[in-house]
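Reviewing the structure listed below.
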Amino acid sequence: AGGGRLLDKIRKWYYNAAGFNKLGLMRDDTLHEDDDVKEALKRLPEHLYNARVFRIKRALDLSLKHQILPKDQWVKYEEDHPYLEPYLKEVIRERHEREAWNKK
């Protein structure tokens, strides 16, 4: 059990050290937009997509001003949920199915 707590502390430290949360971004906001991610983004519900666009625009604005959010507005490790992951997994699964089908 002690090793699990240590690993969790390391994850939290790394999450904060990455810095994207200080700009109000979530982990899924930082994914490289390859074809799979672009397709997953198209499948997001409108409210999730709009929230993502807001976070990215705010982060770009802060970055241009060389600023970060006040600490109470940083995205916390515990609050960062993989909102894009279920859609991305579905897109990748479908792509693999298509590729397997095309090999036949």
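The values are calculated or read from the model by the stated rules, or taken from the named source; none is laboratory data. The structure presented is a predicted model; accordingly, all values stated were derived computationally and were not measured. Please note: Cβ atoms are built from the backbone with ideal geometry, for glycine as well, and neighbour counts cover all protein chains shown. Ligands, DNA and RNA are stripped out before the accessible areas are found, and what is left, the full protein with its side chains, is counted by its heavy atoms. Shrake-Rupley method; radii C 1.70, N 1.55, O 1.52, S 1.80 Å.
Per-structure values
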item	result
For the chain, accessible area per residue (1.4 Å probe, heavy atoms of protein chains only), Å²	75
Value at 222 nm in deg cm²/dmol, rounded to 500, when DSSP H runs of n ≥ 4 in the chain each add -39,500 (n - 2.57)	-20500 deg cm²/dmol
Pairwise label distance in nanometres, LEU62 with GLU85, each label 7 Å out on the Cα-Cβ vector	2.2
Viscosity 1.002 mPa s, 20 °C: Kirkwood-radius Stokes-Einstein D of the range 1-98 over Cα pairs, µm²/s	143
Solvent-accessible area, 1.4 Å probe, carbon plus sulfur percent, for the chain	57
ALA17 paired with LEU31, simple spin-label distance in nm, labels 7 Å along Cα-to-beta-carbon	2.5
Sparse-neighbourhood loop sites, GluC sites (Glu not before Pro) in the range 1-80 - DSSP loop, at most 16 other Cβ within 10 angstrom	GLU33
Pair HIS47, LYS104: separation of 7 Å Cα→Cβ label points (nm)	4.0
